[in-house]
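One structure is given here, and the rest of the page talks about it.
Bear in mind that the values in this text are calculations on the coordinates, not laboratory data. In this text, all values refer to a predicted model and were calculated from it rather than measured experimentally. Neighbour counts run over all protein chains shown; Cβ positions are idealised from the backbone, glycine included.
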Amino acid sequence: MCNLYSMTKGQQAIREMARAMHDRTGNLPPFPAIFPDYAAPLIRNGPDGRELTLARWGMPSPVFALKGRKCDSGVTNVRNVKSPHWRGWLGLENRCIVPFTSFSENEALPDGTHPTVWFALDETRPLAFFAGIWTRWTSVRKVKEGETTNDLFAFLTTEANKLVGAVHPKAMPVILTKREEIDLWMTAPAEEALRLQRPLADDVLMIVARGGKQDEGGLAA
């Protein structure tokens, strides 16, 4: 489960690759570490074309997962898209893409430690996107905040490829690296778009850093 990623490219690069027509983010800073329930950039389908905006990471949890809890910090990774809980958010109006430059998984070592391992397309941390979903939702995210209404998102996961599986065998994010894949996710019927829920080829990613709760490697790019 990916619960930490980095996005260090500028918003112009994001807009260009995603073909976003509108930017709602203002002056977007680099994000060397994005954690669950924090605001992060995404691109979604708006009434006048694709728009770059911010949302909190973590979609609404299923009802059964909230039993006995006073708040819902959200679900960051979505795997079972056949679940009734997620099916209603697979339409074009709720699909999004989430820009990133690297993502991390924790490696379980024999000594009991779990160091962070960072993955990217190459050492320069080029821009890529997670295939995601989003919604506007009213809930209690944190008890001290009370009830609030927020734009929320999560991204899809799939089987891990060989590289990621050696660190985290259960899953990896669904990653889009080409404009054709972005367009397919953002415009195609759900049945066709969900064919993108597959692992990247084993040689597409590489390990770019180990350790640390943020990836500084792409900040100068």
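Some observations on this one:
- Restricting region 1-53 to residues that are in a loop (DSSP other than H, G, I, E, B) and among the hydroxyl-bearing types (Ser, Thr, Tyr) leaves a set whose member that is farthest from the chain's Cα centre (by Cα) is Thr25.
- Selection within region 33-49 - within 23 Å of Arg141 (Cβ to Cβ) and not basic (Lys, Arg): Ala33, Ile34, Phe35, Pro36, Asp37, Tyr38, Ala39, Ala40, Pro41, Leu42, Ile43
- Leu163 being surrounded by 13 or more Cβ atoms within 10 Å (Cβ to Cβ), free of Cβ contacts under 8 Å to residues at least 60 places away in the same chain and of a type in the set (A, V, I, L, M, F, W, C): yes
- Where a residue in region 13-33 is within 11 Å of Glu51 (Cβ to Cβ) and its partner, wherever it lies, is of a type in the set (A, V, I, L, M) and loosely packed, with under 15 Cβ neighbours inside 10 Å, with Cβ under 9 Å and at least six apart: Arg15/Met21
- For Trp185, the requirement of being more than 20 Å from Arg44 (Cβ to Cβ), of a type in the set (Phe, Trp, Tyr) and in contact with a strand residue (DSSP E or B) (Cβ under 6 Å, 6 or more places away or on another chain) is not met.
- Residues in region 150-171 that are within 12 Å of Ala55 (Cβ to Cβ) and over 13 Å from the mean Cα position of the chain (by Cα): 2 in all.
- Of the set (1) in contact with a His (Cβ under 7 Å, 6 or more places away or on another chain); (2) in contact (Cβ under 8 Å) with a residue 12 or more places away in the chain, all apply to Ala108 but (2).
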